[in-house]
Amino acid sequence: MSKETWKELTIGTINLDAGNSVKNLTGTWRSGKKPEFIEENCIQCFFCWLYCPHFAILVKDGEVKGINYDYCTGCGICSVECPSKEKSIVMVKEEIELAGGSKK
Amino acid sequence: MSTLKTLNGNQTIAEAVRQIDPDVVAAYPITPSTAIVETIAKFRADGLISGEFVCPESEHSAMSVCIGAASAGGRVMTATASQGLALMWEMLYIAAGLRLPIVAAIANRSLSAPINIHGDHSDTMGARDSGWIQIYSEGCQEAYDNFIQAFRIAEHLDVRTPVLVGLDGFIISHSLEVIQVEDDAKVKKFVGEYKPVYPLFDTDRKMTVGPIDFTDYYFEHKRSQIEGIENAPPVIEAVGKEFGKTFGREYGFFEEYRMDDAETCIVVMSSAAGTCKDAIDELRSEGKKIGLLKPRVFRPFPHQKIAEALKKTKAVAVLDRSSSPGAFGAPLFTEIRSALYDYQERPPIVNYVYGLGGRDIMVEHFKDVAQKLEKIAETGKVEEWLGYINLRE
């Protein structure tokens, strides 16, 4: 996302682009771990949806279907809160690209 | 009709407020600015002004109310001094950062400790990096004139920056002066109708005021804010000229008094400049070629213009009514010394701190400074770059 120069900004920190937080892809904050959804274990309790601080649980037709990685910060709360017998969300290693192109 | 009235500094500000009748006045009384707030409250009670008058629980809240009211789209002012301005400190930065054209009258007073109610410039000098435009007044007439002009400068679309007008505590705020109070309608016309920019009361427009800015936007917004105050000089100049055309008293960035052939120069702001003029008249009658430069606008600092005015002199003394502990000189001195750096030929320069906590400065003190300047001009050498006037040593 290209950002405005100082000359292009609206005076006095005013933001006229209401609802622009959708452009803030908090998924870029993930640093090495991401949640993985295991559909067959899921009991559709919606605890993950309720606890997720970034509304990153994908819901379709009234059912939890996975994770929206554009906004998931990888905090792991969903996985901790998941009450199903076998966890239906587990944290897995994620390869991230570091500035300069090296991988971690 | 323009009339002569005997008023003190606080009353002149209140009189200007009555004539301008801002949408909101939010202020908390503090010596020596109390009478400004008190008189405005009386005007409101007597039905002489129609704007809202809010007296919250502190100066911090007063400036917060100003910020809210200005964001909503109102023309807003306040008055305070000393600890009151200090308590406003974090809100001053927010007013400037949000580019709200709030106008504040400050009856300049010292800061504690030790506690003292008298006049010096410690309060506004402490706010010199807050992003506010700062204009200082020599007397009641100037306080009145500056305060009226402040609205035009603050509200100009290129500027949109808050302005504070300083008047020395007690020396101006409580001293009577016969001043020209201009016609109500003429003042109203000069100030003009207020046009808010992106007011929150415009409910058809969706917007956020003052959202969080992280590493990705804060710097750009700050740079944009700096542009507002950098745009002020031509506006200050034009408003000062128009004021002169309308009311017969023209204003610039500073006043030069008997500077034409001056070999030495004293730089001093506000009320002390009046005393300095008397000293200079006496010294001139003795054949001394000395002049005065009285800065009026301290922020934005007219560095080039002041340097041009001083560069040909043989010695300059900058008198500060505040100190900047640990710094290389008090605020006015550091600005002027720095402004002269670019000039190959520049006069030796010396700093004097005077009048802290309302300590008097008299004609003989200026004469002492003149004598020292004469020696510096002769030798071209500054032996002690910092001195204190009328201090028991």
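The values are calculated or read from the model by the stated rules, or taken from the named source; none is laboratory data. Note that the coordinates shown come from a computational prediction; the quantities given were computed from them, not determined experimentally. When we count neighbours, we look across all protein chains shown, and the Cβ atoms used for this are built from the backbone with ideal geometry, even at glycine.
Among residues of the range B:164-175 that are at positive phi, those with a beta-carbon under 7 Å from a residue that is buried (at least 24 other Cβ atoms within 10 Å of the Cβ) and at pLDDT 95 or above at least six positions away or on a different chain give the pairs B:Phe170/B:Pro32; B:Phe170/B:Gly119. In summary, B:Glu90 fulfils each of the numbered conditions (1) surrounded by fewer than 24 Cβ atoms within 10 Å (Cβ to Cβ); (2) in a loop (DSSP other than H, G, I, E, B); (3) away from chain A (no Cβ under 14 Å); (4) of a type in the set (Asp, Glu) with the single exception of condition (2).
Applying a threshold of 7 Å to beta carbon distances and a minimum spacing of six or more residues, or different chains, the list of pairs starting in the range B:200-213 at a residue that is within 7 Å of another protein chain (Cβ to nearest Cβ) and ending at one that is among the aromatic types (Phe, Trp, Tyr) and part of a loop (DSSP other than H, G, I, E, B) reads B:Met207/B:Tyr198. Exactly one residue among B:His365, B:His303 is surrounded by fewer than 19 Cβ atoms within 10 Å (Cβ to Cβ) and not β-branched (Val, Ile, Thr), and that residue is B:His303. If the condition is being more than 14 Å from chain A (Cβ to nearest Cβ) and out of contact with any helix residue (DSSP H, G or I) (no Cβ under 7 Å at 6 or more places or on another chain), then the range B:153-168 contributes only B:Asp168.
Within the range B:340-362, the set of residues being closer than 15 Å to B:Ile306 by Cα and crowded, with 21+ Cβ neighbours inside 10 Å comprises B:Pro347, B:Ile349. Looking at the structure I just gave you, is B:Ile117 away from every other protein chain (no Cβ under 14 Å), in a loop (DSSP other than H, G, I, E, B) and either of a type in the set (Lys, Arg) or crowded, with 20+ Cβ neighbours inside 10 Å (or both)? For B:Ile117, the condition - away from every other protein chain (no Cβ under 14 Å), in a loop (DSSP other than H, G, I, E, B) and either of a type in the set (Lys, Arg) or crowded, with 20+ Cβ neighbours inside 10 Å (or both) - is not met.
The one condition from (1) crowded, with 24+ Cβ neighbours inside 10 Å; (2) within 14 Å of chain A (Cβ to nearest Cβ); (3) among the hydroxyl-bearing types (Ser, Thr, Tyr) that B:Ser173 does not meet is (2).
B:Ser112 is checked against (1) free of Cβ contacts under 8 Å to residues at least 40 places away in the same chain; (2) buried (at least 18 other Cβ atoms within 10 Å of the Cβ); (3) of a type outside the set (A, V, I, L, M) and fails just one. What number does that condition carry? Exception for B:Ser112: condition (2).
With respect to the conditions (1) out of contact with any Pro (no Cβ under 9 Å at 6 or more places or on another chain); (2) within 21 Å of B:Gly97 (Cα to Cα); (3) charged (D, E, K, R), B:Lys245 lacks only one, and its number is (2).
For the range B:374-393, which positions are in contact (Cβ under 8 Å) with a residue 12 or more places away in the chain and either over 26 Å from B:Gly119 (Cα atoms) or in a helix (DSSP H, G or I) (or both)? Within the range B:374-393, B:Glu374, B:Ile376, B:Ala377, B:Gly380, B:Lys381, B:Val382, B:Glu384 qualify. Scanning the range A:1-27 for residues that are under 22 Å from B:Gly228 (Cα atoms) and polar (S, T, N, Q) returns A:Thr5, A:Thr10, A:Thr13, A:Asn15.
Among the residues of the range A:8-29, the ones that are within 9 Å of another protein chain (Cβ to nearest Cβ), surrounded by 14 or more Cβ atoms within 10 Å (Cβ to Cβ) and of a type in the set (Gly, Ala, Ser) come to 1 in all. Within the range B:346-373, if we keep just the residues that are assigned to a loop (DSSP other than H, G, I, E, B) and of a type outside the set (Asp, Glu), the residue that is farthest from B:Thr313 (Cα to Cα) turns out to be B:Arg359. Criterion applied to B:Arg223, B:Arg258 was being on the phi > 0 side of the Ramachandran plot and without any contact (Cβ under 8 Å) to a residue 40 or more places away in the chain, and the one residue passing it is B:Arg258. For the range B:42-86, which positions are part of a loop (DSSP other than H, G, I, E, B) and among the polar types (S, T, N, Q)? Passing the criteria: B:Ser50, B:Ser58. Looking at chain A, none of the strands (runs of 3 or more DSSP E) lying wholly inside it contains 3 or more residues that are in contact with a Leu (Cβ under 9 Å, 6 or more places away or on another chain) and within 30 Å of B:Ser224 (Cα to Cα). Taken as a whole, the structure leaves B:Ser130 outside the set of residues that are buried (at least 23 other Cβ atoms within 10 Å of the Cβ) and outside the structural domain of B:Arg299 (by TED's automatic domain parsing).
Quick grid of which residues meet (1) away from every other protein chain (no Cβ under 11 Å); (2) of a type in the set (S, T, N, Q); (3) exposed (fewer than 15 other Cβ atoms within 10 Å of the Cβ); (4) assigned to a loop (DSSP other than H, G, I, E, B):
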residue: B:Val235; (1), (2), (3), (4): yes, no, no, no
residue: B:Val239; (1), (2), (3), (4): yes, no, no, no
residue: B:Gly244; (1), (2), (3), (4): yes, no, yes, no
residue: B:Glu250; (1), (2), (3), (4): yes, no, yes, yes
residue: B:Ile266; (1), (2), (3), (4): yes, no, no, no
residue: B:Thr275; (1), (2), (3), (4): yes, yes, no, no
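Among the residues that make up the range B:217-224, is at least one of them of a type outside the set (Gly, Ala, Ser) and assigned to a loop (DSSP other than H, G, I, E, B)? There is at least one residue in the range B:217-224 that is of a type outside the set (Gly, Ala, Ser) and assigned to a loop (DSSP other than H, G, I, E, B). Consider the range B:1-29 and keep the residues that are assigned to a strand (DSSP E or B) and among the polar types (S, T, N, Q). The one that is nearest to B:Phe190 (Cα to Cα) is B:Thr3.
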